[in-house]
Amino acid sequence: VQLQASGGGLVQAGASLRLSCAAPGRRFSSYAMGWFRQAPGKEREFVSAISGSGGSTYYADFVKGRFTISRDNAKNALYLQMNSLRPEDTAVYYCASRVWAQISEDPEAYDYWGQGTQVTVSS
């Protein structure tokens, strides 16, 4: 499964971005999906995850109330709506999938990764 993340860019603090992830394959709705990010010099960290059906979501504390994860199983697409962006949100954002429907915040639980999309938030 080859994932393709897009939608990153350079924005000012307080702005919004919407990341997308295309996930070709016939069993997309069977896979839980997640977003992770990695800032320079830091480890990859969990941002958000969504179950295969989309009925369950989970967020890291630092994005609660600002980011919203969603998916469209008919389009094999995953999204991350990011509002009220802060300079500390600057990172490369990765989408990932796991061959289980249940969500996880552990990057080791994910089987496939996209190439990442850069998000830069200026102050």
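Numbers at a glance
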{"quantity": "Rounded to whole Hz, the Karplus (6.51, -1.76, 1.60) HN-Hα couplings of the range 67-72, x for glycine and proline", "calculated": "10, 9, 9, 8, 8, 10"}
{"quantity": "Magnitude of the charge dipole, the range 6-63, Cβ model with Lys/Arg +1 and Asp/Glu -1, debye to 20", "calculated": "240 debye"}
{"quantity": "In order through the range 74-85: 3J(HN,Hα) via Karplus (6.51 cos²θ - 1.76 cosθ + 1.60), integer Hz, x for Gly, Pro", "calculated": "5, 10, 6, 10, 10, 9, 9, 7, 10, 10, 6, 5"}
{"quantity": "Solvent-accessible area, 1.4 Å probe, carbon plus sulfur percent, for the range 17-71", "calculated": "45 percent"}
{"quantity": "Exposure ranking of 48, 123, 56 by accessible area [1.4 Å probe, largest first]", "calculated": "123, 56, 48"}
{"quantity": "Among 52, 34, 65, residue whose mean-square fluctuation peaks in a GNM of the chain (springs only between Cα atoms under 10 Å)", "calculated": "65"}
{"quantity": "Residue of 51, 30, 97 that the Gaussian network model of the chain assigns the largest fluctuation, springs spanning Cα pairs under 10 Å", "calculated": "30"}
{"quantity": "Pairwise label distance in nanometres, residue 106 with residue 6, each label 7 Å out on the Cα-Cβ vector", "calculated": "3.4 nm"}
{"quantity": "Karplus-derived HN-Hα couplings along the range 24-35 (A = 6.51, B = -1.76, C = 1.60, θ = phi - 60°), whole Hz, x at Gly and Pro", "calculated": "x, x, 8, 10, 4, 5, 8, 9, 6, 10, x, 10"}
{"quantity": "Under 5 Å, built H, 5+ apart or other chain: amide partners of residue 104", "calculated": "none"}
{"quantity": "Amide H partners (placed H, <5 Å) of residue 116, local residues excluded", "calculated": "5, 95"}
{"quantity": "Dipole magnitude of the chain about its Cα centre (Cβ charges: Lys, Arg +1; Asp, Glu -1), debye to nearest 20", "calculated": "380 debye"}
{"quantity": "Given charges at Cβ of Lys, Arg, Asp, Glu: the range 1-104 dipole, positive-most of 90, 54, 16", "calculated": "54"}
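The values are calculated or read from the model by the stated rules, or taken from the named source; none is laboratory data. Please read all numbers here as calculations on a predicted model, not as lab measurements. Glycine also receives a Cβ, built like all others from the backbone with ideal geometry; neighbour counts cover every protein chain displayed. Just the protein is used for accessible areas: all its heavy atoms, side chains included, with ligands, DNA and RNA removed. Shrake-Rupley method; radii C 1.70, N 1.55, O 1.52, S 1.80 Å.
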